[in-house]
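The next block holds one structure in the form of structure tokens; read it before the comments.
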Amino acid sequence: MTPSGRPTVVVTRKLPGPVEDRLEREFDARLNRDDHPFTAPELQEALRGADALLPTVTDRITGELLFSVKPLRARILANFGVGYNHIDVNAAKARGLVVTNTPDVLTDDTADDAVMLMLMVARRAGEAERQVRSRQWTGWRPTHMLGAKVSGKTLGLVGMGRIARAVAKRAHCGFGMRVVFHDPYPPPPAAVAELSAEPRSSLEGVLREADFVSLHCPATPETRHLIDAGRLALMKPTAFLINTARGDVVDEAALVAALQQQRIAGAALDVYEREPQVTPDLLTMENVVLLPHLGSATLETRVAMGLRALENLQAFFSGAAPRDRVA
């Protein structure tokens, strides 16, 4: 605590103005004014010198890093984001750190992002926009840049959590799509029935059946390269892969090979295996849509995420249990 009695919080990236304003009012907030990615030594110093750390997905908080910090002053990692695979949660628990996240508030925006990617890759929107901007478009013609229809097709969801269910609602109600899914921990039957979604007993069943495969599973050791060469080979040659989940769920080298050999029709990615690096071959492909991790990127949602992280900090330092505690 500072002499003022307010906990010290280090914020690792620049956050929307309303969030930073409240952090400065309620805490001794050390903000990242130039928005640079923190280095490992900066993270170590923050954990030694502050009561709390508010990290984001760009911060690799490994077990090695956590155990190297001595003495450890910080007591909570209030993550800005729903995913927290960049944090070694077991190591954090071993060092007595509470870990929280910001679920719920980004569901709709990420679902919108997945649908946008699905439409873009099916209708060749990225390729078409590049053609117009480069002044290569010579005018309308009946066979110009024909894409794939979305309405009435089959959407396969890998995972059926909050975001996947929001995608299913948009796809079924908005585009008349048939929805199939696989999730080892499925939602209640009533939630599935409301969406007219059809469960499949295996991931492979979804991949064989879907015209669009949208990934909505967490990043864990078990889901790393879940979509590999063998599973990509199960997809229809006319099918598209959409990833708004986590980059390392997809083996990017296998995806490149599948695209080059035309085993699938295309892919649309918002996340990457070695983010922010993108496999170079993907950058050259016209049947691939690439976005820079925009899933929750609206002002409203990024403010809501920041306020949710702030609420977790407030609860922790008041002695209450943060509602979004994950460890």
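The table for this structure:
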item: Unique residue being among the small types (Gly, Ala, Ser), more than 25 Å from Glu222 (Cα to Cα) and either modelled with pLDDT of 95 or more or in contact with a strand residue (DSSP E or B) (Cβ under 9 Å, 6 or more places away or on another chain) (or both) when the list is Ala265, Ala239; result: Ala265
item: Helices (runs of 4 or more DSSP H) fully within region 186-234 counting 2 or more residues that are surrounded by 19 or more Cβ atoms within 10 Å (Cβ to Cβ) and out of contact with any Phe, Trp or Tyr (no Cβ under 8 Å at 6 or more places or on another chain); result: 203-209, 229-232
item: Test: residue in region 291-300 that is open to solvent by 60 Å² or more (accessible area, probe 1.4 Å), more than 17 Å from Thr100 (Cβ to Cβ) and part of a loop (DSSP other than H, G, I, E, B); result: yes
item: Tally, over region 70-107, of residues that are over 18 Å from Val11 (Cα atoms) and assigned to a loop (DSSP other than H, G, I, E, B); result: 10
item: Residues (touching a residue at least 12 places away in the same chain (Cβ under 8 Å), open to solvent by 10 Å² or more (accessible area, probe 1.4 Å) and part of a loop (DSSP other than H, G, I, E, B)) located in region 246-274; result: Arg246, Asp251, Gln262, Arg263, Ala265, Tyr272, Glu273
item: Flag for Thr154 being open to solvent by 10 Å² or more (accessible area, probe 1.4 Å), of a type outside the set (A, V, I, L, M) and either within 30 Å of Leu195 (Cα to Cα) or in contact with a helix residue (DSSP H, G or I) (Cβ under 6 Å, 6 or more places away or on another chain) (or both); result: yes
item: Pair list, Cβ under 6 Å, 6 or more apart: region 213-224 residue among the hydrophobic types (A, V, I, L, M, F, W, C), other residue open to solvent by 30 Å² or more (accessible area, probe 1.4 Å); result: Ala219/Asn85; Ala219/Arg246; Ala219/Asp248
item: Region 78-136, subset among the basic types (Lys, Arg) and under 19 Å from Leu65 (Cβ atoms), residue surrounded by the fewest Cβ atoms within 10 Å (Cβ to Cβ); result: Lys93
item: Filter pass, Leu66 being open to solvent by less than 40 Å² (accessible area, probe 1.4 Å), under 26 Å from Gly319 (Cα atoms) and touching a Lys or Arg at 6+ places or on another chain (Cβ under 6 Å); result: yes
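Residue-wise test of (1) closer than 26 Å to Glu275 by Cα; (2) surrounded by fewer than 15 Cβ atoms within 10 Å (Cβ to Cβ); (3) modelled with pLDDT of 95 or more.
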position	(1), (2), (3)
Met1	no, yes, no
Pro7	no, no, yes
Leu15	yes, no, yes
His36	yes, yes, yes
Arg48	no, yes, yes
Leu54	yes, no, yes
Val57	yes, no, no
Arg60	yes, no, yes
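The values are calculated or read from the model by the stated rules, or taken from the named source; none is laboratory data. Here the structure is a predicted model, which is why all the values come from computation and not from measurement. Heads up, the Cβs are rebuilt from the backbone with ideal geometry, glycines too, and the neighbour counts pull from every protein chain shown. What goes into the accessible areas is simple: the full protein's heavy atoms, side chains included, and nothing from ligands, DNA or RNA. Shrake-Rupley method; radii C 1.70, N 1.55, O 1.52, S 1.80 Å.
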